[in-house]
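What follows draws every value from the coordinates through simple rules; no lab data is involved. Being a predicted model, the structure only gives us computed values, none of them experimental. Here the Cβ positions follow ideal geometry from the backbone for every residue, glycine too, while neighbour counts run over all protein chains shown.
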Amino acid sequence: MRLVLFGPPGAGKGTQAVKLSHKLGVPHVSTGDILRRNVGEATDLGKAAQGHMDKGQLVPDELVIAMTERRLRQADAKQGFILDGFPRTVAQAEALAKLTPLDAVVNLFLEPEELIKRNTGRRVCPKCEAVYHVLMNPPRKQGHCDRCGSALTVRPDDRGEVVRARIETHERQTAPLIKYYRDRGLLVDVYASGLIDEIFQRILEGLRL
Ligand code: AP5
């Protein structure tokens, strides 16, 4: 299964991608996670990306396309993948189309006010990249990762003004891809409000799995 999870910041792409990856046995490829790892390790890519990420802007296409192509050429992605956060521009979508066919693009949609709450309440594990929400998806022990026990942190781009900038960037630069994929018969719309497991069921139904 070659899937793209598409949707605005905080729609739940990462949360659902982890569940789909377990169910389908294909890797979860998150461009946001790969970029954050590069920022953390201060690689050349990380240094080039950080300023854009901190402002809620897209990292330039040429950097993200080369990074994603490298990842999708690895052996574990040969049988399929769940792409989360890529593509975000028509140029990225066209580069992806040259690299591999897709089975579907799941479009997670949600009311804007819900997006702000989801982003500002998010907590992440800096070690194993697990994602929580202080109210809606809390860890068992407050402030600590269920999987590895590390202290949870706030993502630098989850501050109020950057969240709003990310949502605006999505509307301006990424939302046009909805038409791009609908025209190609690949789009599966899924309403992303409700319990995490309910949304997972809607995705499986949408994909006829
Ligand atoms: P990225 O990491 O991809 O961020 P994003 O698209 O803004 O998406 P998020 O990770 O914020 O949200 P999500 O939809 O995965 O939601 P989540 O499951 O975490 O990108 C970060 C930055 O990197 C970009 O701004 C850009 O600068 C750069 N970048 C990345 N890819 C790029 C590309 N292709 N091109 C250029 N630049 C790129 O859920 C959110 C919260 O809600 C969590 O707290 C979660 O626990 C909670 N939650 C989830 N589901 C539910 C539910 N059903 N009910 C209640 N709470 C829920």
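Starting from the Cα-Cα distance between Leu195 and Arg37, subtract it from 0.36 nm times their residue separation and give me the gain in nm to one decimal.
Result for the pair: 54.0 nm of gain on full extension.
Can you pull the one-decimal nm distance between simple spin-label points at Glu168 and Met136, each 7 Å off the Cα toward Cβ?
Using points 7 Å along Cα→Cβ, the separation is 2.3 nm.
I need the shape label for segment 72-146. Rule: rounded when a/c is under 1.5, else prolate if a/b > b/c, else oblate, with a, b, c from the alpha carbon gyration tensor.
Oblate is the answer for segment 72-146, as a/c is 1.5 or above yet b/c matches or exceeds a/b.
State, to one decimal in nm, how far the label point of Ala66 lies from the label point of Lys78, with both points 7 Å from Cα in the Cβ direction.
2.6
Which entries of Lys19/Lys55; Lys98/Lys127; Lys23/Lys47; Lys55/Lys179; Lys23/Lys127 show an alpha-carbon separation above 31 angstrom in the structure shown?
Where the Cα-Cα span goes over 31 Å, the pairs concerned are Lys98/Lys127; Lys23/Lys47.
Around Phe200, under 9 Å between beta carbons, what's the net of Lys plus Arg minus Asp minus Glu among the other residues?
For residues surrounding Phe200, the net value is +1.
Mind telling me which of Gly160, Gly194, Gly40 comes out most flexible in a GNM of the chain, alpha-carbon contacts under 10 Å?
Residue with maximal mean-square fluctuation among Gly160, Gly194, Gly40: Gly194.
Give the percent of DSSP beta bridges with both residues in the chain that are antiparallel, rounded to the nearest 5.
25
If r is the Cβ-Cβ distance from Lys127 to Glu205 and R0 is 41 Å, what FRET efficiency results, to the nearest 0.05?
Between Lys127 and Glu205 the formula returns 0.75.
Taking every DSSP beta bridge with both residues inside segment 87-209, roughly what % is antiparallel (nearest 5)?
If we restrict to bridges inside segment 87-209, about 55 percent are antiparallel.
Could you work out how far apart the two model spin labels at Cys148 and Leu99 are, taking each label as a point 7 Å from the Cα in the direction of the beta carbon, and quote it in nm?
2.4
If we count every other residue with Cβ under 13 angstrom of Leu99's Cβ, Lys/Arg +1 and Asp/Glu -1, where does the sum land?
The answer is +4.
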